[in-house]
Amino acid sequence: MSNIHIITDSASDISSADEQKYGITILPFQVVLGDKSYTSRIDFDNEGFYELMNQYDEIPKTAQITPFEFQELYLKEAKAGTTDLILVLINSQGSATYGNSLMAIEQFFDEYPEYRGTIRIHSFDGIGYSSLYGSPVVQAARMQKDGASADEICTYLAEILPRRQIYFGMYTLKYAGKSGRIPSAAAFLGDRLNLKPIMKIFANEIVTAAKCRGERLLISRIVDMAVDDMEPGSPYEIIYGSDPACMEEAVRLMSQQTGYGPADLYQIGAAIAANAGPRIIGISFTHKK
């Protein structure tokens with residue numbers, strides 16, 4: 001009898017409610033602020049992290065999940081009788097975490113050959129951040145709860161993840177500039193000129209898709225771009241941070257344009273806020289064929 005366990009990391013921004021409801025294990029990232037180290041989702045919730053960011057002028061630093069940590073996880077799951085371990089992890093181009101998970105698979109079976117044939121480990125590159133892969137993980141967990149096999153779940157993930165996309169806007173370039181995501185001079189000039197970039201995350205890449213002058217048109221422009229690119233009639237998710245008013249406006253405009261509301265709301269955690277800042281707005285969806 002199969003025993004499937006689905007695991008992701010905290011950059012997926014899956015809510016605690018869905019984590020508990022579907023039995024998803026979420027691996028936390030370590031976050032360093034000042035001279036202190038914190039564990040995301042354990043030492044603080046999202047609002048608590050935004051408060052910490054306000055207390056420090058420096059940029060939070062996040063640490064990758066190491067091969068050793070993955071090996072320990074695989075051993076624990078094998079001993080617990082897991083037959084199929086399915087992992088979906090943060091964008092391989094932004095973190096070494098996914099690559100470490102693959103490295104650890106080989107090392108684990110070399111060290112514990114007795115588990116070959118008793119546990120299968122499937123690791124997927126999330127190809128992005130936040131709900132881009134968080135939403136497919138929740139759907140995979142729903143499939144498991146409804147009795148889907150590991151092969152059916154893996155087929156779904158392999159097909160959906162490359163089609164997932166996000167448009168999001170940052171209200172300040174301070175954090176992107178300090179983290180190196182945007183050249184610091186460009187970030188400083190952009191803030192001085194009140195330019196709000198709209199970023200596109202697709203196929204492992206983050207690119208600037210558009211720019212708005214001021215905040216007023218930012219959300220409506222993101223909505224227009226998302227509706228143009230998404231599979232008609234398919235679910236979408238709203239991504240937001242410290243400002244729920246932005247989320248409410250995005251829900252209103254997307255509902256107006258599509259005729260239906262979001263499948264879910266995703267509030268960004270430490271891994272995303274550390275690079276984009278606590279105040280963002282975005283929409284994730286499945287790209288049209």
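The values are calculated or read from the model by the stated rules, or taken from the named source; none is laboratory data. Everything numeric here is computed off the predicted structure, so don't read it as measured data. Cβ atoms come from the backbone with ideal geometry, glycine included; neighbour counts cover every protein chain shown.
At-a-glance table
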read-out	value
Which listed residue, of 177, 94, 169, is in a strand (DSSP E or B) and at pLDDT below 95	169
Residue count, region 39-74 (criterion: of a type outside the set (Ser, Thr, Tyr), within 30 Å of residue 119 (Cα to Cα) and in contact with a helix residue (DSSP H, G or I) (Cβ under 7 Å, 6 or more places away or on another chain))	6
Residue identified as surrounded by 13 or more Cβ atoms within 10 Å (Cβ to Cβ), in a helix (DSSP H, G or I) and of a type in the set (A, V, I, L, M, F, W, C) among 68, 49	49
Residues that are buried (at least 19 other Cβ atoms within 10 Å of the Cβ) and not in a loop (DSSP other than H, G, I, E, B), drawn from region 124-142	124, 125, 131, 132, 133, 134, 135, 136, 137, 138, 140, 141
Residues satisfying the stated conditions in region 70-101, i.e. touching a residue at least 24 places away in the same chain (Cβ under 8 Å) and among the acidic types (Asp, Glu)	77, 84
Residue within region 240-262 that is of a type in the set (S, T, N, Q), surrounded by 16 or more Cβ atoms within 10 Å (Cβ to Cβ) and free of Cβ contacts under 8 Å to residues at least 40 places away in the same chain present	yes
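Here's the yes/no breakdown for (1) of a type in the set (S, T, N, Q); (2) part of a loop (DSSP other than H, G, I, E, B); (3) assigned by TED's automatic domain parsing to the domain that holds residue 26; (4) farther than 22 Å from residue 26 by Cβ:
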| site | (1), (2), (3), (4) |
| --- | --- |
| 215 | no, yes, no, yes |
| 221 | no, no, no, yes |
| 228 | no, no, no, yes |
| 234 | yes, yes, no, yes |
| 249 | no, no, no, yes |
| 256 | yes, no, no, yes |
| 272 | no, no, no, no |
| 275 | yes, no, no, no |
